Amino acid sequence: MPELPEVHGYKVYIDSTSLHKTITSFDCRDTKLLKKPKEAFTEYLLNEQLTGTERIGKYLFLKTSGSKILVMHFGMTGRPNYYKDEDDRPKFGHIVLRFDNGFHFAFENKRKFGWWDLTDSIEDYRQEHDLSIDARKLSLEDFKNSLNNRKTHIKKIIMDQSVAAGVGNWMADEILYQAKIHPEKKVEDMSEKHIETVFDAMKKVIEVAIEHDAHYNDFPNDFLMHFRKEGATCHHTGAEIKKMKVGGRSTYFSPEWQEL
DNA sequence: TCACGTGTTGACTA
DNA sequence: CTAGTCAACACGTG
């Protein structure tokens, strides 16, 4: 599930459940999900507390009372789950922290594309991993600068985490639908005005999604999410929604509505 | 059985 | 070195 709005929700969830409790155990069933040796996580997390969170795009940083910052990425199927009884460990809760109040924090990850890492500095980590400023805070100037010299399709560009950290596949489709721009429009063929339109649509989609807690069903009626499937009916034109591959990802769009 | 998917990474090519 | 493409990763779903 997680693109920017979902990860934002996870952050709020973790802030309200899992901070300021001493970690009494760390359990990981599959070390593929760890970017550092298991022992490092035990060493830096045990007897420490989570003290605060920060999100950049789809990456979540959990500050601790110890000397390291825990980094989480949820992949395509991840979510946090705070629960009480040992027996309630979720089926895909591959990594679990136990707190001194008896509660547990599970990192659920059905497809195991998510992972945990440790770092010393959020800012260094951001730069080493080619992440832009979080898309929600990104300025128009930053956005224009990153688009400079790029030659490929606009959809690919806005999904690039070094351009707009947090935008994923469904958001990219939604942004371009709102902006009335075809996903295969080449960035070099776009006017300043076009770029600003995409930027404004990105901001709008992010805020609307966060406002509705990333519950797609509650989005406004003219949002692509409601008819983002092949052959569905475009809210504006009444024509069929088409599907194609752009940048290797399934892309849904409304041909007459979105200008190439 | 087979293709597909809300994401990232690394190998490879120009 | 940079931009872009593509397969790989894991596994449930239709």
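The values are calculated or read from the model by the stated rules, or taken from the named source; none is laboratory data. These numbers come from a predicted model, not from an experiment. A quick note on method: Cβ atoms are made from the backbone with ideal geometry, for glycine too, and the neighbour counts reach across all protein chains shown. Ligands, DNA and RNA are excluded from the accessible area calculation, which covers all protein heavy atoms including side chains. Shrake-Rupley method; radii C 1.70, N 1.55, O 1.52, S 1.80 Å.
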With a 1.4 Å probe and every protein chain kept in, tell me what percent of the accessible surface of the stretch A:191-260 is carbon plus sulfur. 46 percent
Keeping all protein chains in place, calculate the accessible area per residue for the stretch A:4-128 (probe 1.4 angstrom), answer in Å². 46 Å²
Eligible lysines near A:Lys36 by straight Cα distance, threshold 20 Å, same-chain separation 8 or greater: A:Lys58, A:Lys63, A:Lys68, A:Lys112
The stretch A:80-237: proportion of alpha-carbon pairs further apart than 21 angstrom, %: 59 percent
HN-Hα J couplings of the stretch A:66-81 from phi, Karplus 6.51/-1.76/1.60, θ = phi - 60°, integer Hz, Gly and Pro as x? x, 9, 10, 9, 8, 10, 10, 10, 8, x, 8, 9, x, 6, x, 8
In nm, to one decimal, how far is the A:Lys110 label point from the A:Thr77 one, both placed 7 Å along Cα→Cβ? 0.6 nm
Where the centre of each part is set by its Cα atoms, how far does the stretch A:207-237 sit from the stretch A:56-72, in angstrom? 32 Å
If you plug each phi of the stretch A:209-216 into the Karplus form 6.51 cos²θ - 1.76 cosθ + 1.60 with θ = phi - 60°, what whole-Hz ³J(HN,Hα) values come out, in order, with x for Gly and Pro? 5, 5, 3, 9, 6, 6, 8, 4
Average Cα contact separation per residue, the stretch A:116-244, under 8 Å, 6 or more apart, as relative contact order %: 19 percent
Return a whole-number percent for the relative contact order of the stretch A:141-198, with Cα pairs under 8 Å and 6 or more residues apart as the contact set. 39 percent
For the stretch A:4-128, whose charge dipole is built from +1 on Lys and Arg Cβ atoms and -1 on Asp and Glu Cβ atoms, the candidate among A:Phe74, A:Ile23, A:Phe41 with its Cα farthest towards the positive end is A:Phe74
What list of ³J(HN,Hα) couplings, whole Hz, do you get for the stretch A:14-26 from phi and the Karplus terms 6.51, -1.76, 1.60, once you set θ to phi - 60° and write x for glycine and proline? 5, 4, 8, 10, 10, 8, 6, 10, 6, 7, 9, 7, 10
Which whole-number value in Å² is the accessible area per residue of the stretch A:140-253, probe 1.4 Å? 46 Å²
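Dividing the Cα radius of gyration by the Kirkwood radius, what Rg/Rh value follows for the stretch A:183-235?
Ratio of gyration radius to Kirkwood radius: 1.04.
Let me check something: with ligands and nucleic acids excluded, how do A:Met171, A:Met159 order by accessible area (1.4 Å probe), largest to smallest?
Greatest to least solvent exposure: A:Met159, A:Met171.
Expected output is a single nm value to one decimal: the length gained when fully extending between A:Ser65 and A:His215, i.e. 0.36 nm times separation in residues minus the C-alpha distance. What is it?
Full extension of this stretch gives 50.7 nm more.
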Of all the accessible heavy-atom surface of the stretch A:57-159, with the other protein chains kept in place and a 1.4 Å probe, what percent is carbon and sulfur? 42 percent
Over all distinct Cα pairs, what is the inverse of the mean 1/r for the stretch A:18-120, reported as the Kirkwood hydrodynamic radius in Å? 13.5 Å
Of all alpha-carbon pairs in the stretch A:135-192, indicate the percentage at a distance above 15 angstrom. 45 percent
Rounded to the nearest 20 Debye, what is the dipole magnitude of chain A about its Cα centre when Lys and Arg each give +1 and Asp and Glu each give -1 at the C-beta? 720 debye
Report the gain in length on full extension from A:Asp30 to A:Ile122: 0.36 nm times residue separation, minus Cα-Cα distance, nm rounded to one decimal. 30.6 nm
The stretch A:4-128: relative contact order from alpha carbon pairs under 8 Å, six or more residues apart, as a whole percent, is 28 percent
